[in-house]
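The values are calculated or read from the model by the stated rules, or taken from the named source; none is laboratory data. Since this is a predicted model, take the numbers as computed values, not measurements. Cβ coordinates were reconstructed from backbone atoms using ideal geometry, including for glycine residues, and neighbour counts include every protein chain displayed.
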Amino acid sequence: MPDHENNKIGFIGATSYIVGTIIGSGLFVSPTAILKQSGSVGLSLCVWLLSGLFTVVAGMVYVELGTSIRESGSEFAYISYVGWYPLAFSFVWLTTLVSNSCGMAILADTFGEYVMQAMEPISCLTDSDKLWFKRLTGYLLIFLLTWANFFSLKKYAARIQIVITIAKMLSVALIIGTGFYFLIFKGRTQHFVDGNLWKGSNFDAESIVLAIYAGNWAYGGYDTLNYGAEEISNYRRTLPIAVVGGVITTMFIYLTANISYFVILSPEAMVGSVAVASDFSKETLGDFYYAMPAIVGILMIGTLNSDIFTSSRYMFAAARKGQMPTCWALVNEKTNSPRVSIFYHSFFAIAISFLGSVDKLINYMTVCNLLQQATAVAALIWIRYKGTTVHREAIRFPIAIPIAFFIFCIALIVIPLVKEPITTAVGLGCAIVGIVAYYIFVKPKRKLRPLLWLDEWSTKLSQLVFWAVMEELDEQKNEHIPTISETLEKSKL
């Protein structure tokens, strides 16, 4: 993207995207999932710590990838860099049309649900009205965040992220402070003494791995900055500090928050809990617990804002490489915002929300997402093995780190294959269909004329509607990026 320094985010904004993305629903959902598999207070805390350490390793791998290949688009950019275009094409389409759209639809729906719960004491809505209220509230949030991301990232979206991240930290501080108050001043240590710390521990290998699997999901978001690499100021310095520092900060927060949960709630109560934070607040905050749904809803704004940032840059990077509609590679010249890709991501999310429950679609795509991550790490290992030229200021770690993380990724793919073979098979099948589509629609030199016409028409219309232009030069790499007319002309050859 054009190198507009005034629109690039700095260290504080970058760190807020990391911390604000990771700390989300994982703090309210994963404690129960991890405890169910580990069985005890002590072992569940160990899983949180171990998952955090794995995430630090993952963050180091993505720091090396990001500083080696200075392009936006994260996994798509890295897989394309080594020439594995069929895989890159398959992953980017599946992720854009299914995974990211479903994820954003679920986030918006959950936001509406929490807002509705917060208004329960004063509302008089029927069940039908509640459904529409929840949906419209989620759509309104999508619209507002989409509009904010149409303008300068540094001046608007990043500032929203910073404010929401501060709100998240204050909310979590309330949980941690309350729990430790009861621990230190009220002597609530019953779940940590007299053998209760390790009581019920399940050391079965499969259960431990599944617990780590849940922990890995809770720490998701460490790769957020890799999607917008070209919009981060002083990238080589900012990326490692923001990623590693953000993950370590999050690990400390997760550990202390879970200790606070265990101070108040018994393991049995947590396992049977649907909303751990709400149950915790009922026991400790009195009537103030009614505010908890509203607090959680506010926290989800940051997660949605980050989702728009990552997904739109992912689509933009793929369009710039000619593997998605050209209009998605348009940017506003003044604000450097990829407005068209932002709009289409939000549009797809709203459209897919009308399908009803999308949980099964998410499950199917989990395998594809893990396979995409493993492929990106494999690309790094291949680059190191072949001695491929990368950016001269790349940060490098011992080769054992990406190899260890690659093995971990493969393990996360194999586990669902054993536990849920049909779901895994569907996910792998979708990836194969995407590869076949690449050889039918992208690989051939002669493109279908209707597709060329549609691409040109949609690009011209998008330029007018979104006040956006094609890039002429990638200043970071000094490479010319073809305009739409050049792309179409080349396709006709």
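Key figures
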read-out	value
Residue in the range 86-94 that is touching a helix residue (DSSP H, G or I) at 6+ places or on another chain (Cβ under 7 Å) and either closer than 24 Å to residue 301 by Cβ or not in a helix (DSSP H, G or I) (or both) present	no
Flag for residue 59 being in contact with a helix residue (DSSP H, G or I) (Cβ under 9 Å, 6 or more places away or on another chain), of a type outside the set (Asp, Glu) and over 17 Å from residue 308 (Cβ atoms)	yes
Those residues of the range 209-240 which are surrounded by fewer than 21 Cβ atoms within 10 Å (Cβ to Cβ), assigned to a helix (DSSP H, G or I) and out of contact with any helix residue (DSSP H, G or I) (no Cβ under 7 Å at 6 or more places or on another chain), in sequence order	237
Filter result (part of a helix (DSSP H, G or I) and under 16 Å from the mean Cα position of the chain (by Cα)) within the range 5-28	14, 15, 16, 17, 18, 19, 20, 21, 22, 26, 27
Filtered residues of the range 427-469 (kept if part of a helix (DSSP H, G or I) and among the small types (Gly, Ala, Ser))	427, 429, 431, 434, 437, 458, 462
Test result for residue 216, closer than 28 Å to residue 366 by Cβ, modelled with pLDDT under 95 and in contact with a Pro (Cβ under 6 Å, 6 or more places away or on another chain)	no
All positions within the range 31-40 that are assigned to a helix (DSSP H, G or I) and surrounded by fewer than 24 Cβ atoms within 10 Å (Cβ to Cβ)	32, 33, 36, 37
Boolean, residue 77 is of a type in the set (Gly, Ala, Ser), farther than 19 Å from residue 370 by Cβ, part of a helix (DSSP H, G or I) and out of contact with any Ser or Thr (no Cβ under 9 Å at 6 or more places or on another chain)	no
Residue 49 vs. criteria buried (at least 24 other Cβ atoms within 10 Å of the Cβ), part of a helix (DSSP H, G or I) and touching a residue at least 40 places away in the same chain (Cβ under 8 Å)	no
Residue 336 vs. criteria on the phi > 0 side of the Ramachandran plot, touching a helix residue (DSSP H, G or I) at 6+ places or on another chain (Cβ under 6 Å), in contact (Cβ under 8 Å) with a residue 40 or more places away in the chain and not aromatic (Phe, Trp, Tyr)	yes
Residue check for residue 98: of a type in the set (A, V, I, L, M) and within 17 Å of the chain's Cα centre (by Cα)	yes
Some residue of the range 270-278 being at pLDDT 95 or above, more than 26 Å from residue 55 (Cβ to Cβ) and of a type in the set (Ser, Thr, Tyr)	no
Condition check for residue 106: aliphatic (A, V, I, L, M), touching a Leu at 6+ places or on another chain (Cβ under 9 Å) and either crowded, with 22+ Cβ neighbours inside 10 Å or part of a helix (DSSP H, G or I) (or both)	no
Among the residues listed as 330, 370, 417, the single one being in contact with a strand residue (DSSP E or B) (Cβ under 7 Å, 6 or more places away or on another chain) and at negative phi	330
Subset of the range 22-77 [modelled with pLDDT of 90 or more and of a type in the set (Ser, Thr, Tyr)]	38, 40, 44, 51, 55, 62, 67, 68, 72, 74
Residue check, residue 426 over 30 Å from residue 236 (Cβ atoms), modelled with pLDDT under 85 and loosely packed, with under 15 Cβ neighbours inside 10 Å	no
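Quick grid of which residues meet (1) closer than 20 Å to residue 102 by Cα; (2) in a helix (DSSP H, G or I):
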{"position": "323", "(1), (2)": "no, no"}
{"position": "337", "(1), (2)": "no, no"}
{"position": "355", "(1), (2)": "yes, no"}
{"position": "379", "(1), (2)": "no, yes"}
{"position": "383", "(1), (2)": "no, yes"}
{"position": "389", "(1), (2)": "no, no"}
{"position": "397", "(1), (2)": "no, no"}
{"position": "406", "(1), (2)": "no, yes"}
